[in-house]
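K.L.:
Shown below is the structure under consideration.
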Amino acid sequence: GESVGLHLPTLSVQEGDNSIINCAYSNSASDYFIWYKQESGKGPQFIIDIRSNMDKRQGQRVTVLLNKTVKHLSLQIAATQPGDSAVYFCAVSSTGNQFYFGTGTSLTVIP
Amino acid sequence: DTEVTQTPKHLVMGMTNKKSLKCEQHMGHRAMYWYKQKAKKPPELMFVYSYEKLSINESVPSRFSPECPNSSLLNLHLHALQPEDSALYLCASSQQRGAYGYTFGSGTRLTVV
């Protein structure tokens, strides 16, 4: 299996500030990583992914950083907005296998 | 169509009832998954289907019985459930098993009374 953890269970940020959500994983064979956003009453929604041959990937207002040396993953959200309030999960897999989800971080954006 | 559709959205059932959860996708995905999610917890994998064949059962009790009638449909048959089985049941699909992102449905909120 895979042990996946998050450094902080809750995070509160001011609107307009940047948010950083962290995730640690244990399996050095893990090679595909995804961040999901889950709003209340909904299923997880794909945000951004990264494969192990990269250490950084950018999307719209989001950046994922991967440090394979210390088995750490982070999600950066720029100019956080109230609509970003949700629970964020990292999900980790190794080739051909299913994903395991981290504990989750609840992000609250303060207007 | 880029969605995974789950029905019903809410279900209340007694411990002696038999019910089924349904999941449907028309994206041509060949892997489908059932996850269970308790409040304030991450999704926990239950079953994986790959090309309509059950490939993973994560030691799920036999009162949960999955079925994949065709490549677009996934069912979860429920029988003799316990109150602790109350949870959000999520269906997901991916192009193939493993190294592709999942598309999740909105889930079925199940309450066992």
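K.L.:
Please count how many residues of the range B:102-113 are within 10 Å of another protein chain (Cβ to nearest Cβ) and either part of a loop (DSSP other than H, G, I, E, B) or among the aromatic types (Phe, Trp, Tyr) (or both).
P.N.:
Qualifying residue count for the region: 5.
K.L.:
Let me ask another. Where in the range A:51-109 are there strands (runs of 3 or more DSSP E), lying fully within it, with 1 or more residues that are within 14 Å of chain B (Cβ to nearest Cβ) and in contact (Cβ under 8 Å) with a residue 24 or more places away in the chain?
P.N.:
Those strands (runs of 3 or more DSSP E) span A:62-67, A:86-93.
K.L.:
How many of the residues making up the range B:8-24 are within 15 Å of the chain's Cα centre (by Cα) and exposed (fewer than 14 other Cβ atoms within 10 Å of the Cβ)?
P.N.:
Number of matching residues: 3.
K.L.:
Tell me which residues, restricted to the range A:11-50, are surrounded by fewer than 16 Cβ atoms within 10 Å (Cβ to Cβ) and not in a strand (DSSP E or B).
P.N.:
Matches in the range A:11-50: A:Glu15, A:Gly16, A:Asp17, A:Asn18, A:Ser26, A:Ser28, A:Ala29, A:Glu39, A:Ser40, A:Gly41, A:Lys42.
K.L.:
Oh, and also: Is it the case that some residue within the range B:68-77 is without any contact (Cβ under 8 Å) to a residue 24 or more places away in the chain and either within 13 Å of chain A (Cβ to nearest Cβ) or more than 27 Å from A:Glu39 (Cα to Cα) (or both)?
P.N.:
Yes, that holds for at least one residue.
K.L.:
Among (1) within 14 Å of another protein chain (Cβ to nearest Cβ); (2) under 17 Å from A:Tyr88 (Cα atoms); (3) at pLDDT below 95, there is one condition A:Glu2 misses while meeting the rest; what is its number?
P.N.:
Just one mismatch for A:Glu2, condition (2).
K.L.:
Enumerate the pairs (first residue in the range B:49-63 and in contact (Cβ under 8 Å) with a residue 24 or more places away in the chain and within 20 Å of B:Gln25 (Cα to Cα); second residue anywhere and surrounded by 14 or more Cβ atoms within 10 Å (Cβ to Cβ) and not aromatic (Phe, Trp, Tyr)) with beta-carbon separation below 6 Å, excluding pairs fewer than 6 apart on the same chain, so at least 6 apart or on different chains.
P.N.:
Pairs that qualify, where the first residue is in contact (Cβ under 8 Å) with a residue 24 or more places away in the chain and within 20 Å of B:Gln25 (Cα to Cα) and the partner is surrounded by 14 or more Cβ atoms within 10 Å (Cβ to Cβ) and not aromatic (Phe, Trp, Tyr), are B:Tyr49/B:Met32; B:Tyr49/B:Cys68; B:Ser50/B:Ala31; B:Ser50/B:Arg97; B:Ser55/B:Val48.
K.L.:
Follow-up question, since we're still on this one. Report yes if B:Val112 is farther than 20 Å from B:Thr2 by Cβ, touching a helix residue (DSSP H, G or I) at 6+ places or on another chain (Cβ under 7 Å) and open to solvent by less than 30 Å² (accessible area, probe 1.4 Å), otherwise no. Working first, answer last.
P.N.:
Working: farther than 20 Å from B:Thr2 by Cβ: yes; touching a helix residue (DSSP H, G or I) at 6+ places or on another chain (Cβ under 7 Å): yes; open to solvent by less than 30 Å² (accessible area, probe 1.4 Å): yes.
The answer is yes for B:Val112.
K.L.:
Another one. Quickly run through the range B:53-85 and pick out the residues that are modelled with pLDDT of 95 or more and among the acidic types (Asp, Glu).
P.N.:
B:Glu67, B:Glu84, B:Asp85
K.L.:
With the requirement that a residue be open to solvent by 20 Å² or more (accessible area, probe 1.4 Å), more than 29 Å from A:Ser30 (Cα to Cα) and outside any helix (DSSP H, G or I), what does the range B:76-101 give you?
P.N.:
Listed by number, the residues that qualify are B:His77, B:His79, B:Ala80, B:Gln82, B:Ser86.
Here is a yes/no grid of residues against (1) over 25 Å from A:Cys90 (Cβ atoms); (2) of a type in the set (A, V, I, L, M, F, W, C):
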site	(1), (2)
B:Lys38	no, no
B:Val60	no, yes
B:Pro69	yes, no
B:Asn75	yes, no
B:Tyr89	no, no
B:Gln96	no, no
B:Thr111	yes, no
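The values are calculated or read from the model by the stated rules, or taken from the named source; none is laboratory data. Please read all numbers here as calculations on a predicted model, not as lab measurements. All Cβ positions, glycine included, derive from the backbone under ideal geometry; neighbour counts span all protein chains shown. Accessible surface areas use protein heavy atoms only, side chains included; no ligands, DNA or RNA. Shrake-Rupley method; radii C 1.70, N 1.55, O 1.52, S 1.80 Å.
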